[in-house]
Each structure stands twice: as C-alpha cells, then as structure tokens.
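**Student:** Shown below is the structure under consideration.
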Amino acid sequence: MEIIPGFSLYRGLYEFGQYAFSGTAMGTSGMEWTNLSDPVNGMRTVLIIMVIEWAILLPLAFYLDQVSSLGGGLRKRLLISLKCFKKRAASFRRYSFGRQGSKVVVEMENPDTTQEREVVEQLLLEPSANHAIISDNLTKVYHGKDGNPDKLAVRGLSLALPKGQCFGMLGPNGAGKTSFISMMIGLIPPTSGTAYVHGMDIRTDMNEIYTNMGVCPQHDLLWETLTGREHLLFYGRLKNLKGAELLKATDDSLKSVNLFRGGVGDKQVGKYSGGMKRRLSVAISLIGDPKVVFMDEPSTGLDPASRNNLWSVVKEAKKNRAIILTSIHLS
Ligand SMILES: Nc1ncnc2c1ncn2[C@@H]1O[C@H](COP(=O)(O)OP(=O)(O)OP(=O)(O)O)[C@@H](O)[C@H]1O
C-alpha cells in the first residue's frame, strides 16, 4: 500500500503520531533519528519510497503542467530546436515537421530567408565594417501568464543591413515588427539570438549603441506644452549638438518634415495634428546624424502627400546611415 504516494505519507505521519503519543504517555522524547532504522516501524522503507517517488513524480508533474499551460508553445520550441539541428546538417534548405491533430505540418523556409541567414553566418565569421546592423537568429517569446500560452513574436530573424540602405519590414498587426524594434533599441531582451549594431552586441553594449542610434517609436512620445523646435533642441543637445550647429540642425529638421513654414515648428505640440506629431517624431529620430535609425510605423496617420514626403526624407536620410522601418502599408 505504501507504494501509493498518499499512503506512504500517511504511514509516515501515522508512525510519527504513534511515537509522539507514546512519548507523551511514557515521558520519552517521541521519534528520534535512531528510530528511523527500526524495522518494526518501517520508517526507513517509507522514506525510501517517498524519495524515489518525488524524484519521478516531480519532473513528471512539471512536464504535464508545462504541456497543459503552454498549449502549442512547447511543441513550437521543440520545432525550433529541431530546426537548429537541421540547420547544421543541411544549411541550404530547412524543414521542420510537426503534428497538429491528425494532420502533418511541413514548414519550409523561404529561400531568401535561408540566403540571408547564410550571409549573416558568413559576416559573423568575417566581420565587415560596411554592415551597420546584423541580426543573428533573433527570437522573442513572451511567456504566458495566468495559464495563457507562450507567444512566439519573433522567430529566428536573421538579416544584415549595410550602411546607406533602408530596410522596410512589412507585416500586418501582430506580425512582430514592434517586438523586433524593441529588442534592437534595448527595451526588451531577446529570448535567444542577438544582434549587432556596428559590431556592438545589443545584449551587452546598449549604452554605446545609444550614442549612435535614432528611434521613432510606434506611439509619439512628445510633450504637449513644448513646441516642435524645442523638442528638436532638446534631442539635439542629447546628441551632443551645440550652438550654431544645433540651431542649423533644428531648422534643417523642421524643413525636412514640412514643419518650418508658417512658424508651425514654434507652435505647441498639443496643437499639432496626428500627422504633424508623426513627422516631428521622424525628425527627432534623425537629428544628430545617428548612424542607425529605427522607425516603427512612421507613416501611421499620414495623408498620402505627407507619406510621400516622408519617403523622400527617408531616402535622403539613408545616404550615410542604415535605417530599419516597419509599416503595414505596401506603399
Ligand atoms: N508584452 C507582451 N506580452 C505578450 N504578448 C505580446 C507582448 N507584446 C506583444 N505581444 C504579442 O506578440 C505579437 C507581436 O506583437 P508586436 O507588437 O511585436 O507586433 P506588430 O507587428 O508590431 O503589430 P502592431 O503593429 O499591432 O504593434 C502579437 O501577437 C502581440 O499580441
């Protein structure tokens, strides 16, 4: 009977109780360490059974808990591991196999993705000063809370971006664009993989990377009571611009995003339309000549004319830097 966990626990507690009762009645000290090896009370056997059962049942319970709370998450992780293994075996083409109900799912990597991954692998072996951004198998999994399954937001993203190029990430809402940008700008850590900005690792060298980085966040982070110009002066100073250089950079920025004429740049941001705020956020990300710029959906809320203007700003800005921007618009 003691083989059943509940009974072995009961038996152990029962023996403890018996010793405690007789100890109280006879004035002895109850169960002692030496009593554990007494074959009459069977405590040694009970303890051995319990230790063995704990060693087996605890990992089993943990496993079952993971499977039930993660849903398909665990399976996905197994698929990712399988992919990594296959990558080493055959780098030119990758497949992963999994089962969904009774259907077999075959996942085949796009040849472009495979090619980009190979470029990254090569660059990591022989670093090139020409590449501003290298993302190496960057992955983000948000761990589910309160019984929710894990969410794989970015899966093994590899890309290499040389200076002077603008890379557009196109995808619908929820595709993982913001998660990628958030990892690149140090807001959230990657779950696995890493990325390098001018050879600096985003996991360890974020402070150095910030000095050469511009960011246009998905949601405008502006002060309603400051003017557009004051924002640019503030961020310009953070980028070490001073005096006449700072004033010129501010004017140029306002002009580049059409916020100069008519004194618009000197109005409080609280009076700006959504599109004007977006353009100011873009200007802020470019001030101070950052070598790497991340723009998360910079064209959101812009009318077609402003959007065209934004693309020409980006085209001009990419000349001496690398830009990664996300968008849900094909245009
Ligand atoms: N903090 C979080 N915790 C859990 N899941 C998250 C978290 N942030 C994002 N997600 C999920 O990760 C997935 C990718 O989200 P992400 O915001 O990166 O996508 P996106 O392409 O930028 O879309 P959007 O334009 O709507 O922001 C989505 O399914 C989202 O619900």
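**Student:** Regarding His219, is this residue outside any helix (DSSP H, G or I) and over 15 Å from the mean Cα position of the chain (by Cα)?
**Tutor:** On the way: outside any helix (DSSP H, G or I): yes; over 15 Å from the mean Cα position of the chain (by Cα): yes.
Yes: the conditions hold for His219.
**Student:** A further question follows. Check Asn137, Asn130, Asn110 and return the single one that is open to solvent by 20 Å² or more (accessible area, probe 1.4 Å), away from the ligand (no atom under 15 Å from the Cβ), within 13 Å of the chain's Cα centre (by Cα) and not small (Gly, Ala, Ser). I'd like the intermediate steps shown before the answer.
**Tutor:** Numbers: Asn130 fails: within 13 Å of the chain's Cα centre (by Cα); Asn110 fails: within 13 Å of the chain's Cα centre (by Cα).
Going through Asn137, Asn130, Asn110 in turn, just one is open to solvent by 20 Å² or more (accessible area, probe 1.4 Å), away from the ligand (no atom under 15 Å from the Cβ), within 13 Å of the chain's Cα centre (by Cα) and not small (Gly, Ala, Ser): Asn137.
**Student:** Moving on to the next point. Only one residue in Ser312, Ser285 is open to solvent by 40 Å² or more (accessible area, probe 1.4 Å), of a type in the set (Ser, Thr, Tyr) and away from the ligand (no atom under 16 Å from the Cβ), so which one is that? Spell out the reasoning first.
**Tutor:** Details: Ser285 fails: open to solvent by 40 Å² or more (accessible area, probe 1.4 Å).
Of Ser312, Ser285, the one residue that is open to solvent by 40 Å² or more (accessible area, probe 1.4 Å), of a type in the set (Ser, Thr, Tyr) and away from the ligand (no atom under 16 Å from the Cβ) is Ser312.
**Student:** Could we say that Ala244 is without any contact (Cβ under 8 Å) to a residue 60 or more places away in the chain, within 16 Å of the ligand (Cβ to nearest atom) and surrounded by fewer than 16 Cβ atoms within 10 Å (Cβ to Cβ) here? Walk me through how you get there before you give the answer.
**Tutor:** Numbers: without any contact (Cβ under 8 Å) to a residue 60 or more places away in the chain: yes; within 16 Å of the ligand (Cβ to nearest atom): no; surrounded by fewer than 16 Cβ atoms within 10 Å (Cβ to Cβ): yes.
Criteria not met by Ala244.
**Student:** Do you know which residues across region 288-305 are more than 15 Å from the ligand (Cβ to nearest atom) and buried (at least 18 other Cβ atoms within 10 Å of the Cβ)? Give the derivation first.
**Tutor:** Residues of region 288-305 that are more than 15 Å from the ligand (Cβ to nearest atom), as a first pass: 288-293, 302-305.
Answer for region 288-305, where residues must be more than 15 Å from the ligand (Cβ to nearest atom) and buried (at least 18 other Cβ atoms within 10 Å of the Cβ): Gly288, Pro290, Val292, Val293, Leu302.
**Student:** Might you check whether a residue that is in contact (Cβ under 8 Å) with a residue 40 or more places away in the chain, part of a helix (DSSP H, G or I) and not β-branched (Val, Ile, Thr) occurs anywhere in region 253-261?
**Tutor:** Of region 253-261, the ones in contact (Cβ under 8 Å) with a residue 40 or more places away in the chain are 256-258.
Next cut, part of a helix (DSSP H, G or I) only: 256.
Filter again for not β-branched (Val, Ile, Thr), leaving 256.
So far as region 253-261 goes, yes, one or more of its residues are in contact (Cβ under 8 Å) with a residue 40 or more places away in the chain, part of a helix (DSSP H, G or I) and not β-branched (Val, Ile, Thr).
**Student:** Can Gly274 be described as open to solvent by less than 20 Å² (accessible area, probe 1.4 Å), in contact (Cβ under 8 Å) with a residue 12 or more places away in the chain and farther than 19 Å from Gly168 by Cβ?
**Tutor:** no
**Student:** Just give me the residues in region 145-188 being of a type in the set (A, V, I, L, M) and open to solvent by 50 Å² or more (accessible area, probe 1.4 Å), in sequence order. Can you show your working first?
**Tutor:** We begin by selecting, within region 145-188, every residue of a type in the set (A, V, I, L, M); these are 152-154, 157, 159-161, 169-170, 175, 181, 183-185, 187-188.
Answer for region 145-188, where residues must be of a type in the set (A, V, I, L, M) and open to solvent by 50 Å² or more (accessible area, probe 1.4 Å): Leu170, Ala175, Leu187.
For every residue, the table says whether it meets (1) among the polar types (S, T, N, Q); (2) over 33 Å from the mean Cα position of the chain (by Cα).
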site: Gly228; (1), (2): no, no
site: Leu246; (1), (2): no, yes
site: Ser253; (1), (2): yes, no
site: Gly263; (1), (2): no, yes
site: Lys267; (1), (2): no, yes
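**Student:** Taking into account only those residues within region 143-159 that are under 11 Å from Thr191 (Cα atoms) and in contact with a helix residue (DSSP H, G or I) (Cβ under 8 Å, 6 or more places away or on another chain), which is farthest from the ligand (Cβ to nearest atom)?
**Tutor:** Checking each candidate, the answer is Gly156.
**Student:** Name the pairs whose Cβ atoms lie under 8 Å apart, with the first residue in region 176-187 and modelled with pLDDT of 95 or more and more than 7 Å from the ligand (Cβ to nearest atom), the second hydroxyl-bearing (Ser, Thr, Tyr) and assigned to a helix (DSSP H, G or I), and 6 or more positions between them or separate chains?
**Tutor:** none
**Student:** I'm trying to understand the selection: among the residues of region 179-225, which are hydroxyl-bearing (Ser, Thr, Tyr) and in contact with a Ser or Thr (Cβ under 7 Å, 6 or more places away or on another chain)?
**Tutor:** So the first thing to find is which residues in region 179-225 are hydroxyl-bearing (Ser, Thr, Tyr), and the list is 179, 182, 191-192, 194, 196, 204, 210-211, 225.
Matches in region 179-225: Thr191, Ser192.
**Student:** Something else now. Looking at region 209-220, can you tell me whether even one residue there is surrounded by fewer than 18 Cβ atoms within 10 Å (Cβ to Cβ) and more than 16 Å from the ligand (Cβ to nearest atom)?
**Tutor:** Within region 209-220 (the criterion being surrounded by fewer than 18 Cβ atoms within 10 Å (Cβ to Cβ) and more than 16 Å from the ligand (Cβ to nearest atom)), the answer is yes, since at least one residue qualifies.
The values are calculated or read from the model by the stated rules, or taken from the named source; none is laboratory data. This structure is a prediction, so every number in the text was calculated from the model and none was measured. With ideal geometry, Cβ positions are generated from the backbone for all residues, glycine too; neighbour counts draw on all protein chains shown. These area figures cover heavy atoms from the full protein model, side chains too; ligands, DNA and RNA do not enter into them. Shrake-Rupley method; radii C 1.70, N 1.55, O 1.52, S 1.80 Å.
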